[in-house]
Structure formats: structure tokens, C-alpha cells
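Reviewing the structure listed below.
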Amino acid sequence: MPIALFLSVLLIAACGLIYELVASALASYLLGDSVLQFSTVIGTYLFAMGIGSWLSRYLARGLVAQFVAIELLVGVVGGFSSAVLFLAFAYTGAFRLALYGIVVVVGVLVGLEIPLLMRILRDRFSFKDVVANVLTFDYVGALAASLAFPILLVPKLGLVRSAMLFGIVNAAIALWSTWLFAPMVARRALNPLRASGGAVLVLLVAGMTQAKRLTSIAEENIYADEVIFSRDTRYQHIVLTAWKDDLRLFLNSHLQFSSRDEYRYHEALVHPGLAALPGARSVLVLGGGDGLAVREILKYPTVQRITLVDLDPEMTRLFSTHPLLTTLNERSLTSPRVRVVNADAFVWLDSNADPFDFIVVDFPDPNNYGVGKLYTTAFYRLLTKHLSRGGLAVVQSTSPLFARRSFWSIAETLRAAGLATRPYHVYVPSFGEWGFVLAGGEGMASYEPPSVLPDRLRYLTAREVATMFDFPRDMQPVAVQANHLNDQVLVRYYEQEFDKINR
């Protein structure tokens, strides 16, 4: 009995932490800036737990019945938290209010749980044993939840079903407690408590079976077009939408490409640099798990080896197997010339010594510190070590029009890392003006825009390439700082500039 009892404490702790992680991850997906979202959600949750612990002193009678009721409330509120937040984001302008409201309610209820349980157990065990065992299993449960969340729960169940599953666990513990502590509960209260527990279990099981439908309802309103694929991975929320011949990829709700004009972006990303290196034999692509940049590189028969490093295996698997996507990238990821590596680009560069003639850096925009580290002087110095003599690198660098300071900060960061730079831009209808920075050491000294490009390009011509290096007045350089690992000014620039657009 004692082991089973304290295992319940472990599960209670795991449930509370899972709800906190679900809320933090969902806020990060939908609002960006993962550091801010995780910090504020965790801080609010812990503060609310403190309030709950303080309020527990006012619960004096019927402790078991109150404990069961609190468990059921935690199960309902926490279990449905992710679904409610998705719907709030899709249909209301009150997402933040819903987010912190749920976090506070769950935090207060979780803060009530452990003090109540310790008071219930004080007559069964010595005080020192109660405190030692309850806190031990509480912390072990938190560790188990923190490991299971990114490794198992999010990739296998997604955020909505993960929350529902742990809501079911809370409800099951509440129901089991009505038998475990039956002698401490008034007889007239037992049946209503068990009936309530059964009803909550049925509600949560029904919610879990309908989780995909709830997510689809929310996403239909978030995205303008039909959602044909949606998945939570360890690293991001992937959504594909379709309307007629237009496929769109969204990562964490941010548009990555539209199939109607992605060729403009990817041709501009690859060819101004690679076409200037007729002797290039090896190419490294960092990011770009959609295989679209690789598709452009494969148009050079002289390139013998292409290494693609992308963090998310679900991303590269999707773009290697989905019929619509393999048609779009021309099955580039399955080419015998291509090697796909699923790893953190920073770590991979640090642990690998291979040189490359051309490097394509195609990461998402620096809208949080996790991505921002891939735009720092430290990262670019590491990148430089992998450039062969005379080699070049190109970096996608956001919009020089809408994010002007961000764009020129990336260029300044490359220069601060010891690279010579040639910024340029292109118009992509889905995004507007978009910018890139070509960088290198010795190779930049003799760089001239290429006069010969591969066949089968849909947009780019040699004449067009020559004009891409000219910037009109409203996109010309501004005074900015370089982005450093210990001071990611670029992320702040980006947030400020896109906040203005969204107002």
C-alpha cells in the first residue's frame, strides 16, 4: 500500500509538470520567443502553486473529499487546457488571457494537492517519513515528466492528446483515492465522489478520442486554406495547407514557403553563389529540410557531394515520402548525391571537420534565442572553418524592407566573424522583399555575379542576378550591432520590427 500511495504522488507531480510544459510549448509555437513564454508560464505557475499551498490552511474538514474534488478539477482544467488554448487562439483575441488564466487555475489546484495529501497521511506515517517520501516521489515524478514530454509524448501524441492523457491520470487517481481512503470519507459522500470521478473519466476519454477533430477545428480557422497535414514533433509544429495548386508549409504557425513562388526564393538563395564557383564539388546545406535548396543544387552536375543537416527527422522524412512534397522537391532528398544528417547544426559543425566549396544556411527567421544562436558570430566563425579555399557561403537573412535592422545585423555579424560580405535581395510575392548575404574569405575578393546559370530555372537570369545587389533607399544599410551568443541583439531587433507590422 505505501508504495502504491507514493507512486500516486509521483503521478500527481508528473501531471502538474506536463500541464505546465504543454502551456509553455503551445505559447512558444503560437507566439514565438520560447524563452519569454517558458519563463513567464513557469514563473506564473510556481507563483500560483504558492497561492494554492497558502490557501490549503483554510481546508479543515473532509480532507479526502476535497482532495478528490481538486484532483478531478485538475484533470478537467489541465486535460482540456491545450484544446481550449488552440481554440482561443483560433477564434478569439484573448489567447494570453486564456493562457495565464489556465496556468493560474492549474497552479493553485496543484499547490493545494501536496499539502492536503500530507495532512491526510500524517496519521499513517511519522511526519519525517511523510515529508521525505512525498517530496522524493514528487521530484522523481517531475523528472520523469520532463523527460517523457519531448521524447515520447509530443512526438507520439501531440500537445492536445498529451494533456488529455494526464487529465485521465488525474481523474483515475481521484477515483482510486475514494477506495484507498474510504474509511476517512463520510458514506453519503462516497457514491457522489465516485460518480463524479467516473463522469470526468468518461469526459476526458471522449475528449482524447476527439482530440484530432478539436485540433482540426482550431487549425481550420488559424490557416486560410485546408490543412492536409499536421504534426507535433520534438522540435516544432508542422502544418501543410493546400488550395488548388498552392501548397504551403508552416512551422510553429510561421509560413516557410508557398509552392506558387518558392522557386524565386530558392533560386535566389542558391545560384548567385554556386554559379560563381564552377569548380565546386561539395556543398553543405544547413536547415532546408524541405529539400528545395537541394533541388536547385542538384542542377549542377559537377557537384558530387551534398550534405544536408537538419535538426528534425520528421521534417526530412516528410519531404522524402509525401507524394505532393517529393513532386515539389523533385525527390531531391533521395538522390544518391545527397546525405541527410539529422542533428543540431551548431553541434554538427563543431564535431565535423569536412570542408565544403559552398555552404547554404537556410534557417527559419531568428524569432527566438534557440534559432538566434545560429545567427551569431560564434556560429559564423565555426562555419568559416568548413569553407574550402575560395569557397562561399550564403545566409538567408529575412526581409531588408520589413526587418531592415535584422537584415543588416546579420550582415554585420558575418563581417564581425571575419567574413567579407555581399548582401542582396529578391522579391517573393508570398513574403515581399527578401534578403540574403553572400559571404566568404578569399573567394569574395574576386566575386562577380555569374553570367551563366543552369538550365531549367523558372525565374532567375544573369541580368536579374546583377540587379539583386543594388538596394533602394528604404533598404540601404543602417547602424546596427553584431549578434553575439551572450547578447542576441538580433532577436530583439526582429521582435521589435515584426511587432510593428502586426500592430
Revision key, fill the gap. Per principal axis, largest first, the Cα atoms of the range 39-179 extend in Å by 50, 32, 30
Review point. Principal axis lengths of the range 1-113 from Cα atoms, whole Å, largest first?
Key: 44, 28, 22
Study note, to complete from the structure: Here, ASP455 and ARG381, labelled 7 Å along Cα→Cβ, have an inter-label distance in nm of 4.7
Study note, to complete from the structure: Expected field for TRP54, accessible surface area in Å² at 1.4 Å probe radius, rounded to 10, holds 120
Exercise for review: Along Cα→Cβ, 7 Å out, is where each label goes; now give me the distance between the ones at ARG339 and THR321 in nm to one decimal.
Suggested key: 2.3
Review point. Once you treat every alpha carbon in the range 23-87 as an equal point and sum by Debye, what is log10 I(q)/I(0) at q = 0.12, 0.23 Å⁻¹?
Key: -0.43, -1.03
Revision key, fill the gap. If one compares the long axis through the Cα atoms of helix 95-121 with the longest principal axis of the Cα atoms of the chain, the angle in degrees, nearest 10, works out at 40
Review point. Where q = 0.21 Å⁻¹, what log10 of I(q)/I(0) comes from the Debye formula for the range 279-397, counting one point per Cα?
Key: -1.22
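Taking only C-alpha pairs under 8 Å that are 6+ residues apart, what is the relative contact order of the range 147-303 in percent?
On the way: 141 pairs, mean separation 23.1, N = 157.
Once divided by the residue count of the range 147-303, the mean separation gives 15 percent.
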Practice item. Would you mind computing Rg(Cα) / (2.2 N^0.38 Å) for the range 307-347, counting N as its residues? Key: 1.15
Exercise for review: May I ask you to give the percent of accessible area on the range 424-501 that is carbon plus sulfur, with a probe radius of 1.4 Å?
Suggested key: 48
Check your understanding: Just how much of LEU135 is accessible, in Å², when a 1.4 Å probe is used and the result is rounded to the nearest 10?
Key -> 60
Point to revise | Degrees, to the nearest 10: 489-502 long Cα axis against longest axis of the chain | key: 80
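If the viscosity is 1.306 mPa s and the temperature 10 °C, what translational diffusion coefficient in µm²/s does Stokes-Einstein give for the chain when Rh comes from Kirkwood over Cα pairs? Could you put the intermediate results ahead of the total?
Details: Rh = 25.1 Å.
D = 63 µm²/s.
Rounded to the nearest 5, what is the percent of antiparallel bridges among the DSSP beta bridges in the chain?
Numbers: 31 of 51 bridges.
For the chain, the DSSP antiparallel bridge percentage is about 60.
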Practice item. Pop a pseudo-label 7 angstrom from the Cα along the beta-carbon direction at both PHE469 and PHE127 and give the gap in nm to one decimal. Key: 7.9
Review point. Given only helices, namely DSSP H runs of n ≥ 4 each adding -39500 (n - 2.57), what is the per-residue ellipticity at 222 nm of the chain, to the nearest 500 deg cm²/dmol?
Key: -18000 deg cm²/dmol
Check your understanding: Restricting attention to the alpha-carbon atoms of the range 420-495, what are Rg (one decimal) and Dmax (integer), both in Å?
Key -> 15.2, 44
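Take the solvent-accessible surface of the protein heavy atoms, probe 1.4 Å, and return the percent of it on the range 68-168 that carbon and sulfur atoms account for.
Summing carbon and sulfur atoms, their accessible area is 72 percent of the total for the range 68-168.
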Check your understanding: So what is the accessible area of the chain per residue, in Å², with the probe set to 1.4 Å?
Key -> 43
Review point. Once the Cα atoms of helix 127-148 and of the chain are each reduced to a long axis, what angle between those two axes, in degrees from 0 to 90 to the nearest 10, is obtained?
Key: 30
Point to revise | Kirkwood-Stokes translational diffusion coefficient of the range 162-266, alpha-carbon pairs, 37 °C, 0.692 mPa s, µm²/s | key: 192
**Study point:** Most to least packed among 73-83, 457-467 [average Cβ atoms within 10 Å]
**Key:** 73-83, 457-467
Practice item. Could you rank the peptides 300-309, 442-451 by their average count of other C-beta atoms within 10 Å per residue, with the highest value first? Key: 300-309, 442-451
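Computed over the Cα atoms of the range 383-474, what is the convex hull's projected area averaged over all directions, in nm²? Write out the running numbers ahead of the final one.
Values: hull surface 27.1 nm².
Averaging across all directions leaves 6.8 nm² for the Cα convex hull.
Give the relative contact order (percent, whole number) for the range 242-333; include only Cα pairs under 8 Å separated by 6+ residues.
Values: 111 pairs, mean separation 21.1, N = 92.
So the answer I get is 23 percent.
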Point to revise | Fraction of accessible area attributable to carbon and sulfur, the range 245-393 (%, probe 1.4 Å) | key: 53
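Given contacts defined as C-alpha pairs under 8 Å and at least six residues apart, what's the relative contact order of the range 1-117, whole-number percent? Mind showing how you got there, number by number?
Working: 102 pairs, mean separation 46.3, N = 117.
Contact order relative to length: 40 percent.
Under Stokes-Einstein, with the Kirkwood radius over Cα pairs standing in for Rh, what whole-number D in µm²/s applies to the range 105-191 at 37 °C and 0.692 mPa s? Write out the running numbers ahead of the final one.
Values: Rh = 15.2 Å.
Roughly 217 µm²/s, to the nearest whole number.
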Review point. If you rank LYS299, LYS128 by how much accessible surface each has, with a 1.4 Å probe, what is the order from largest down?
Key: LYS128, LYS299
Revision key, fill the gap. From highest to lowest solvent-accessible area (probe 1.4 Å; ligands, DNA and RNA excluded), MET468, MET208 read MET208, MET468
Point to revise | Cross-link reach list, aspartates and glutamates versus LYS299, counting only Cα pairs under 14 Å and skipping chain neighbours closer than eight places | key: GLU267, GLU330, ASP455
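Sort TRP434, TRP179, TRP243 from largest to smallest accessible area, using a 1.4 Å probe on the heavy atoms of the protein chains. Walk me through the numbers before you get to the answer.
Working: TRP434 20, TRP179 145, TRP243 120 Å².
My answer, sorted largest first, is TRP179, TRP243, TRP434.
The values are calculated or read from the model by the stated rules, or taken from the named source; none is laboratory data. Values in this document were obtained by computation on a predicted structure and should not be read as measured data. Backbone-built Cβ (ideal geometry, glycine too); neighbour counts: all protein chains shown. Accessible surface areas use protein heavy atoms only, side chains included; no ligands, DNA or RNA. Shrake-Rupley method; radii C 1.70, N 1.55, O 1.52, S 1.80 Å.
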